[in-house]
Amino acid sequence: MRSVSSRFIRWLAAPPALALWLGACATPPKPTALVSYEDLKRDPGMEDARRRFPDLVGSSDQYGDRATKEWESNNLEDSTRAALLAEIKLKTALARNSQEQSKARLQSVTADQTKADETLASVDKDLASVTEQIKLMEKNVQAEADKKRLTEQLANDQKRANDERDKLSQQLATEEKRAAAQLALRTADTVEAGKYAAAEYGAASSMLAKADAEIKQGNWQAAQASLDVAKGRADRAAELSKPSYEQAAQATQNKARDEALARDAAALPGVAVRIERRGELQRLVIAIQDLFGRSQTTLQPGRDDALEPVARLISKYPSYPVQVVGHTDNRGKPGELIALSQARAQSVFSSLVSKGVEARRLMVSGQGPNEPIADNKSGPGRAKNSRVEIIFLYH
Amino acid sequence: MILTYRKTGTSLRIGGALVALLFTASAPLTAHADEEDDIQRQIDIQKAGASDLEHLDRSHAAAPDLQRLRDWLGAAWDLRNKHASDEAREVLERCMAQAELVRQVIAAAQLKTQVAEREAKLASTKAETDKKKKALQDAQIKKQTLDAAVSK
């Protein structure tokens with residue numbers, strides 16, 4: 001029984017013992033430091049670092065080998081110490097390698113910077129040059145634009161001035177034409193064209209009114225044309241009216257003169273005045289009596305002076321033809337009486353000429369007893385018939 | 001007086017012997033104390049150096065390595081306090097290597113920073129150059145346009 005128990009206990013204890021033996025014989029886990037070192041060895045810069053810093057990396061390798069051996073020998077503390085130093089050396093090598101790389105990069109960047117600075121300076125210079133050129137060109141363009149603008153402005157000003165001048169000129173010309181048309185109308189008025197050439201005058205007035213309307217609208221050309229027509233029509237109206245007007249005016253003037261003559265004649269002392277119509281002619285007859293003694297042909301003394309007012313009257317109205325007609329009463333032979341009357345008329349003619357009357361204006365004749373103005377039976381009647389008549393003839 | 005001298009001389013001899021005995025006995029202790037002082041001095045120097053390095057490490061590129069250095073210096077101090085001078089010196093040697101590593105890492109980081117700055121400046125210069133080139137191109141086109149306008 002004891003032997004069975006003993007064998008059973010041995011059988012149970014065998015596996016743990018084996019495990020303990022195997023555990024004592026197996027390699028222990030790698031120290032963390034060694035693992036870190038081995039990880040570090042896989043750094044991409046490792047080979048570069050080895051090439052540049054062979055002593056450092058070599059020293060690291062030695063520590064690393066030692067750490068591995070110590071680990072394999074189960075001396076974990078020594079392995080850790082060696083691995084830490086191996087890691088430090090390797091890290092140092094890598095740091096220095098990094099520095100070398102940085103220095104190289106710095107050198108490259110510095111060179112690139114120099115080139116970039118040069119390029120930038122060159123571009124700056126070119127840009128400044130082009131910018132300056134652009135400024136100058138812009139100034140030129142601006143100057144050109146200013147010049148163009150000023151030229152256009154000047155042209156516009158000039159055009160405005162010309163337009164204004166043209167407008168004023170047109171206005172002035174229109175005003176002149178209007179004045180001319182109005183003058184023509186006023187001139188037509190002076191010959192009463194409204195009366196004697198109503199159509200033309202009316203047309204001229206209408207055209208003037210039309211021109212006034214066109215002037216208000218500023219339509220100078222049309223206004224001028226209308227005014228030209230108005231003037232033409234007014235001139236034509238005046239032309240047409242002139243004969244009629246002159247005729248009427250002459251008639252009026254003549255009438256006035258005739259009336260003045262009649263007034264002046266009536267004012268003469270010692271004469272009898274009458275107006276009569278014979279045919280188409282009017283006759284202002286101034287009968288002067290008692291100029292001659294019986295059967296005498298020379299003026300009685302002192303009677304010559306009675307002809308002085310008559311002579312002045314004839315000279316005052318020089319446009320009238322004047323007859324000097326002698327008349328007698330009926331005492332005597334008709335032929336003698338006619339001769340007597342002619343002689344007496346000639347005496348009066350001579351006296352008047354001597355007083356300044358133009359001889360060519362005077363027509364002398366004798367009617368004898370043929371045109372009595374009173375009854376020859378009585379003395380006063382015969383005295384009235386025995387006379388010399390100064391006759392102003394007119395229409 | 002002579003007696004006193006004799007007594008005194010004996011006493012002196014005894015005293016001297018005692019002193020010599022004490023000196024001889026305490027010699028290893030004194031040497032050990034010097035060793036620890038030296039280790040302490042070296043630790044202090046390295047701590048100061050670590051502070052300087054930390055000050056230099058503006059980009060904190062070497063922060064883990066610096067921390068490791070400080071840890072090891074602490075460990076060395078502990079070992080020194082445990083009078084394990086040999087172990088302390090071994091740790092100190094590793095600290096020196098670690099300090100050198102920190103210096104190189106800092107230097108590498110500084111150089112990298114410098115490179116980065118220079119590269120940034122270079123990139124800026126290139127960008128400015130590209131910009132100016134574009135401006136130049138535009139200006140040349142404008143100039144051609146103006147030329148055409150003027151020649152009209």
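The values are calculated or read from the model by the stated rules, or taken from the named source; none is laboratory data. Bear in mind that the values here come from a model prediction, so they are computed numbers and not experimental data. Every residue, glycine as well, gets a Cβ built from its backbone with ideal geometry; the counts of neighbours run over all protein chains shown.
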(request) Could you please give the count of residues in the range B:102-125 that are at the interface with chain A (Cβ under 7 Å from one of its Cβ atoms) and surrounded by fewer than 16 Cβ atoms within 10 Å (Cβ to Cβ)? (result) 2
(message) On the basis of being modelled with pLDDT under 95 and either at negative phi or within 9 Å of chain A (Cβ to nearest Cβ) (or both), does residue B:58 make the cut?
(response) yes
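When you look at residue A:102, is it in contact (Cβ under 8 Å) with a residue 40 or more places away in the chain and either away from chain B (no Cβ under 13 Å) or assigned to a helix (DSSP H, G or I) (or both), yes or no? Show your work before the answer.
Values: in contact (Cβ under 8 Å) with a residue 40 or more places away in the chain: no; either away from chain B (no Cβ under 13 Å) or assigned to a helix (DSSP H, G or I) (or both): yes.
It is false that residue A:102 is in contact (Cβ under 8 Å) with a residue 40 or more places away in the chain and either away from chain B (no Cβ under 13 Å) or assigned to a helix (DSSP H, G or I) (or both).
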(request) Give the residues of the range B:126-152 that are more than 7 Å from chain A (Cβ to nearest Cβ) and farther than 30 Å from residue A:144 by Cα, sorted by residue number. (result) B:127, B:130, B:131
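Anything in the range A:273-293 that is out of contact with any Asp or Glu (no Cβ under 8 Å at 6 or more places or on another chain), surrounded by 11 or more Cβ atoms within 10 Å (Cβ to Cβ) and touching a residue at least 24 places away in the same chain (Cβ under 8 Å)? List them, or say none.
Within the range A:273-293, the first condition is being out of contact with any Asp or Glu (no Cβ under 8 Å at 6 or more places or on another chain), and the residues that meet it are A:273-281, A:289-293.
From what's left, surrounded by 11 or more Cβ atoms within 10 Å (Cβ to Cβ): A:273-275, A:281, A:289-293.
Correct list: A:281, A:289, A:290, A:291, A:292.
Tell me the residue from A:237, A:184, A:199, A:209 that is assigned to a helix (DSSP H, G or I), over 36 Å from the mean Cα position of the chain (by Cα) and under 28 Å from residue A:172 (Cβ atoms), please.
Numbers: A:184 fails: over 36 Å from the mean Cα position of the chain (by Cα); A:199 fails: under 28 Å from residue A:172 (Cβ atoms); A:209 fails: over 36 Å from the mean Cα position of the chain (by Cα).
Result of the check over A:237, A:184, A:199, A:209: A:237.
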(request) Pairs only if they're at least six apart or on different chains, beta carbon under 9 angstrom, first in the range B:82-98 and buried (at least 16 other Cβ atoms within 10 Å of the Cβ), second outside any helix (DSSP H, G or I) and among the basic types (Lys, Arg); list them, first residue then second. (result) B:88/B:82
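Considering only residues that are within 12 Å of another protein chain (Cβ to nearest Cβ), farther than 17 Å from residue B:139 by Cα and not charged (D, E, K, R), which ones fall in the range A:136-151?
Here is the first cut: in the range A:136-151, the residues within 12 Å of another protein chain (Cβ to nearest Cβ) are A:136-145, A:148.
Cutting the leftovers down to farther than 17 Å from residue B:139 by Cα gives us A:142-145, A:148.
If the condition is that a residue be within 12 Å of another protein chain (Cβ to nearest Cβ), farther than 17 Å from residue B:139 by Cα and not charged (D, E, K, R), then A:142, A:143, A:145 are the ones that fit.
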(request) Filter the range A:236-275 for residues that are touching a Ser or Thr at 6+ places or on another chain (Cβ under 8 Å) and among the charged types (D, E, K, R) and give the result. (result) A:257
